[in-house]
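In what follows, a structure is listed as structure tokens, so that the remarks can point back to it.
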Amino acid sequence: PYIKLMTQLFGDRALIANATGCTSIYGGNLPTTPYCTDANGRGPAWANSLFEDNAEFGLGFRLAADKHEQQARELLAGLALPGPLTADLLSADQSSDAGIGQQRQRVAELKRLLPATPEGARLALLADYLVKKSVWILGGDGWAYDIGYGGLDHVLSLGRKVNILVVDTEVYSNTGGQASKSTPIGATAKFAMAGKARPKKDLGMLAMSYGNVYVARVAFGAKDTQTLKAFQEADAFPGTSLIIAYSQCIAHGYDMAYGVEQQKLAVETGYWPLYRYDPRRAVNGESAFKLDSAAPKGDLAVYMRNETRFRMTETQDPARYKELVKTAKENIQERFRLYEKLEKGLPIIPTPAPVEK
């Protein structure tokens, strides 16, 4: 659903760099593909990269698109076209769908007027880059939190206009269910068969520390309008954006037909808090961080008991599992207090996590 939403919003101008994993299998298992073109023949340009270098791969999309646009602008400025077309093309406002549509019409007119010269032929190849492109770097938590994190962090640090979508299942789904740095406290996974004892890595906070990255945490089953806003804001943001999306998985061990209900529980109990961090708000004196979910309520143990990955830990050692649930609840409360301080603009000093015995 997250990828479908992305293609519905931006698919006619999207360039997608997809990390190897579940998303690349259901996204490009040739000879079939879910990506398609619209009535005008426009659709996503999709390519799959290695597990470990997808962030750099997607950054290359941005660098190439920007260079092509630069060349197109230089060639356009060197032509003596009649009327205001050149100026309109170079100064077009493409902050809305309407603006992008108008720019496409100008590009079509430009192609009709191009002279039969080497420069004109070159510009004919590059003219479509005068229309704003939406670059998306897509992958799972195994890529984003672990194997590809070095590259992801590098891209986050550069501030280039790319959108990063992490489909977070909290486990290396595509390679058999190993523990990930996204795997939560108490969950059983390969190499954490007794249940993971350490908290999940807070990828969003790490990205926010740069101060110029748009960051959102979403769960469409709990609040679909917040998810939609996050995607729209991410694409409109002039720098790098990161969306971390709650994604149920068969490795969680329950009937996926109940995925939406489980997402609601995840948000209600504070297991998966929703927020949007937009640096643009700080310019107007507002808090850049906005919490989109209420304070945790309900019993976290109920959410956890719905999933086999937690019940396996409980079956192996009930006493230890009880302690892990207690630790998970404390971690959730502490994290929510930290997010509340962020929203209020208060200084934050996170409480150190306990040392594992």
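Normalised by residue number, the volume inside the convex hull of the Cα atoms of region 201-357 is 122 Å³ per residue. Both radii come from the Cα set of region 1-72: Rg as radius of gyration, Rh as Kirkwood radius; their ratio Rg/Rh reads 0.99. In region 92-137, the C-alpha radius of gyration followed by the widest Cα-Cα span (Dmax) gives 12.1, 38 angstrom.
Could you tell me how many degrees, from 0 to 90 and to the nearest 10, lie between the Cα long axis of helix 259-268 and the main elongation axis, the longest principal axis, of the Cα atoms of the chain? Result, in degrees: 70.
For K344, the lysines whose Cα comes closer than 19 Å to its Cα, not counting residues fewer than 8 places off in the same chain, are K290. Residue-normalised convex hull volume from the C-alpha trace of region 40-135: 117 Å³ per residue.
Quick one: work out Rg over Rh on the C-alpha atoms of region 38-96, Rh as Kirkwood radius. Intermediate values should be presented prior to the final figure.
On the way: Rg = 16.2 Å, Rh = 14.6 Å.
Looking at region 38-96, the ratio lands at 1.11.
Which of the aspartates and glutamates could a cross-linker bridge to K67, judged by Cα under 17 Å and excluding same-chain residues fewer than eight apart? Here the aspartates and glutamates satisfying the reach criterion relative to K67 are E56, E119, D128. Look at where the Cα atoms of region 58-123 and of region 255-327 average out, and the two centres are 46 Å apart. Residue pairs exceeding 30 angstrom between C-alpha atoms, taken from K201/K229; K190/K329; K229/K322; K229/K326; K4/K161; K201/K322: K229/K322; K229/K326. Over every Cα atom in the chain, the radius of gyration and the widest Cα-Cα span, Dmax, amount to 22.7, 80 Å.
GNM remark for the chain: springs join alpha carbons under 10 Å apart, and the peak mean-square fluctuation among E307, E109, E170 falls on E109.
Remark: relative contact order (the chain) = 14 percent; criterion is Cα-Cα distance under 8 angstrom and separation of 6 or more residues. Bridging of K181 to aspartates and glutamates at a Cα separation below 16 Å is possible for E52, D141, D146, D153, D168, E170, D202, E356, once same-chain residues fewer than 8 apart are set aside. Distance distribution note for region 131-256: the fraction of Cα pairs above 26 angstrom is 23%.
Principal-axis analysis of the Cα atoms of the chain puts helix 318-344 at an angle of about 40° to the longest axis. Computed about the Cα centre, the dipole magnitude for the chain is approximately 360 debye when only Lys and Arg (+1) and Asp and Glu (-1) carry charge, each at its Cβ. With respect to the chain, whose longest principal axis is taken over its alpha-carbon atoms, helix 54-77 is tilted by about 20°.
Rank I243, A197, M208 by how far each Cα sits towards the positive end of the charge dipole of region 175-261 (+1 on Lys, Arg Cβ; -1 on Asp, Glu Cβ) and give me just the farthest. The residue sitting most towards the positive pole is A197.
In the context of the full set of protein chains, residues of the chain present 47 Å² of accessible surface per residue (probe radius 1.4 Å, heavy atoms only). Here the accessible area is traced with a 1.4 Å probe on the protein chains. For region 19-154, carbon and sulfur cover 57 percent of it.
The values are calculated or read from the model by the stated rules, or taken from the named source; none is laboratory data. The structure displayed is predicted, hence computed values, not measured ones. A quick note on method: Cβ atoms are made from the backbone with ideal geometry, for glycine too, and the neighbour counts reach across all protein chains shown. Remember, those area values only see protein heavy atoms, side chains included, never the ligands or the DNA or RNA. Shrake-Rupley method; radii C 1.70, N 1.55, O 1.52, S 1.80 Å.
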